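Engineer: Take this structure first; my questions come after.
Computed from the coordinates by the stated procedures, all read-outs in this text should not be read as laboratory data. Note that this is a predicted model, so its numbers are computed, not measured. Quick reminder, even Gly has a Cβ in these numbers, built from the backbone with ideal geometry, and neighbours come from all protein chains shown.
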Amino acid sequence: MRVDDLIRAMASLTGSSADPEVLGGDRGEVVVVRVGDVVAKALPADTDVEALEQRLEIAAAHPELMLPPLKPLQFVDDRPVTLWPYGTPVSQADPDGAPWEESAALLAKLHALPVRGPVAGTPERIVRAIEALPPDVPHADVVLRAYEVLPPLDMNGRALIHGDWHLGQLVHRGAWRLIDVDDLGVGDPVWDLARPAALFAAGVLPDDLWARFLNTYRETGGVALPTSEWEALNIPAQAYVVQMAARALMSGLQAVEPLVEACRRIVATHESSDRG
Amino acid sequence: MQCPKCHANMRTFDRMGVHIEQCDGCRGVFLDYGELESITRLEAQMQAPPPVAAPPPAAYPQPAQPAWGAAPQQVHHHHGGHAGYGGGYGHRKHRGLGGLFFSS
């Protein structure tokens with residue numbers, strides 16, 4: 001099916017007659033379309049449909065945390081399509097004004113919910129992204145070396161987690177709510193904090209923004225972190241540094257040096273501890 | 001006594017228990033052993049306690065970096081008015097990478 005036909009079919013599922021607008025840039029197999037006040041998301045044909053339906057049920061059961069789906073899972077040919085109310089995304093122009101506290105509170109409350117659902121998509125999705133990096137891209141050697149020195153990533157679940165949290169996973173519709181349930185499930189809650197932790201450790205996320213996020217998470221009773229947060233965050237944050245570096249190299253992102261430099265420091269840390 | 005520098009006459013003053021010899025000619029001051037320490041002590045007593053530094057606007061302490069983390073971020077106030085990193089955003093050195101906050 002051509003993408004134009006897919007978009008038209010998705011638009012008709014929304015019941016709105018407004019012109020469809022494709023949201024986001026190149027997302028590979030995923031297509032997101034806004035039609036009036038409704039957003040439709042088409043997922044790859046090989047998506048685990050049973051797991052996705054469980055994820056939609058969890059979101060529907062917790063509208064205080066997550067944007068609830070408008071309808072049960074739909075299909076266009078063999079592609080699953082989820083339908084959502086439109087919400088205003090976080091402005092990328094002003095990271096200082098972003099809802100860091102609200103995000104942290106939503107995640108802390110999510111992590112406190114009864115543990116149910118499919119296995120979370122992380123850290124599996126991190127590993128996939130790193131392994132997709134072609135080794136002949138400039139700086140790929142450093143990034144892949146950092147991946148090699150990482151210990152195996154912990155797959156043990158102990159809470160309900162979002163699985164792919166960043167500021168793009170939040171919209172405002174009356175209040176801030178989490179969106180994108182595609183990786184929602186049972187996992188280690190530290191993964192939901194590890195991406196901002198990685199950006200902080202790479203010197204990209206300013207320390208005051210990290211402090212706002214980290215401290216609100218703790219104040220809301222978040223279960224992911226011991227008193228000394230890096231005891232839990234250390235390896236997951238390193239994994240996210242490597243993943244973001246790999247993604248940045250593949251997408252040709254400018255100013256990738258802070259991530260590559262952080263990969264260098266990760267290699268140095270593990271090599272010195274191996275010797276010692 | 002006579003001034004060791006210009007040899008004019010020196011006069012003794014007694015200020016708050018400290019003996020000070022001052023030269024009538026060059027106005028130089030001669031201190032006996034221990035008198036400098038006495039003056040320093042007195043000065044410390046007389047000075048009001050320094051004002052307590054105002055707490056920073058952020059209520060949270062500086063978060064810790066891991067062993068492999070980036071060097072602590074520096075805020076260069078003396079660069080505040082300059083172009084480029086000006087406007088108090090000296091520590092936001094990687095603003096171009098803000099997109100990373102928003103993507104998978």
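Engineer: Kirkwood Rh over alpha-carbon pairs of the range A:95-275, then Stokes-Einstein at 10 °C and 1.306 mPa s: what D in µm² s⁻¹, rounded to an integer? All intermediate terms of the calculation are to be shown ahead of the outcome.
Structural biologist: Numbers: Rh = 16.7 Å.
In µm²/s, the coefficient is 95.
Engineer: What does the average come to when, for each residue of peptide A:202-215, you count the partner chain Cβ atoms lying within 10 Å of its Cβ? It would help to have the intermediate numbers written out before the result.
Structural biologist: Details: counts 6, 10, 10, 8, 8, 11, 9, 4, 3, 6, 4, 1, 3, 5.
The per-residue average across the peptide is 6.
Engineer: Of chain A, which part is the longest with no trypsin sites (Lys or Arg not before Pro) in a loop (DSSP not H, G, I, E, B) and with at most 15 other C-beta atoms within 10 angstrom?
Structural biologist: Values: sites that count: A:Arg2, A:Arg27, A:Arg116, A:Arg158.
That would be A:159-276.
Engineer: Principal axis lengths of the range A:186-256 from Cα atoms, whole Å, largest first?
Structural biologist: 39, 28, 18
Engineer: Something else about it: 7 Å from Cα along Cα→Cβ at both A:Gln92 and A:Leu23: what's the point-to-point distance in nm?
Structural biologist: 1.4
Engineer: Please list, by residue number, every one of the GluC sites (Glu not before Pro) in the range A:18-114 that is coil in DSSP and has at most 12 other beta-carbon atoms within 10 Å.
Structural biologist: Hits after loop and neighbour filter: A:Glu29, A:Glu64.
Engineer: Among bridges DSSP assigns within chain A, what percent are antiparallel (round to 5)? Could you put the intermediate results ahead of the total?
Structural biologist: Details: 25 of 27 bridges.
Of the beta bridges lying entirely in chain A, close to 95 percent run antiparallel.
Engineer: Considering the dipole of the range A:188-261 built from charges on the beta carbon (Lys and Arg +1, Asp and Glu -1) around the Cα centre, which of A:Pro206, A:Ala255, A:Gln238 is farthest to its positive end?
Structural biologist: A:Ala255
Engineer: Given the convex hull of the Cα atoms of the range A:54-196, what is a quarter of its surface area in nm²?
Structural biologist: Numbers: hull surface 43.0 nm².
Value for the range A:54-196: 10.8 nm².
Engineer: Let me ask another. Given 0.36 nm per residue, what is the gain on full extension from A:Asp46 to A:Val137 after removing their alpha carbon distance, in nm? Working shown, then result.
Structural biologist: On the way: separation 91, 0.36 × 91 = 32.76 nm, distance 2.88 nm.
The A:Asp46-A:Val137 span can extend by a further 29.9 nm.
Engineer: Using R₀ = 22 Å, calculate the FRET efficiency as 1/(1 + (r/R₀)^6) where r is the Cβ-Cβ separation of A:Glu57 and A:Ala112; round to 0.05.
Structural biologist: Details: r = 18 Å, r/R0 = 0.84.
For R0 = 22 Å, the calculated efficiency reads 0.75.
Engineer: Using the Cα centre of the range A:1-127 as the reference point, and only Cβ charges (+1 on K/R, -1 on D/E), how large is the resulting charge dipole? Debye, rounded to the nearest 20. Can you show the working numbers first?
Structural biologist: Details: 11 positive and 20 negative charges, 42 e Å.
That gives a dipole near 200 debye.
Engineer: Taking θ = phi - 60°, what integer Hz values does the Karplus form 6.51 cos²θ - 1.76 cosθ + 1.60 yield along the range A:217-225, in sequence order, with x for Gly and Pro?
Structural biologist: Residue by residue, the range A:217-225 yields 4, 5, 5, 8, x, x, 9, 6, 10 Hz.
Engineer: At R0 = 35 Å, how high is the FRET efficiency between B:Glu35 and B:Ala59 if r is their beta carbon distance? Nearest 0.05 is fine.
Structural biologist: Numbers: r = 48 Å, r/R0 = 1.37.
E(calc), rounded to 0.05, equals 0.15.
Engineer: Using the Cα atoms as the points, what is the convex hull volume per residue of the protein assembly as shown in Å³?
Structural biologist: Working: hull volume 89.7 nm³, N = 380.
Dividing the Cα hull volume of the protein assembly as shown by its residues yields 236 Å³.
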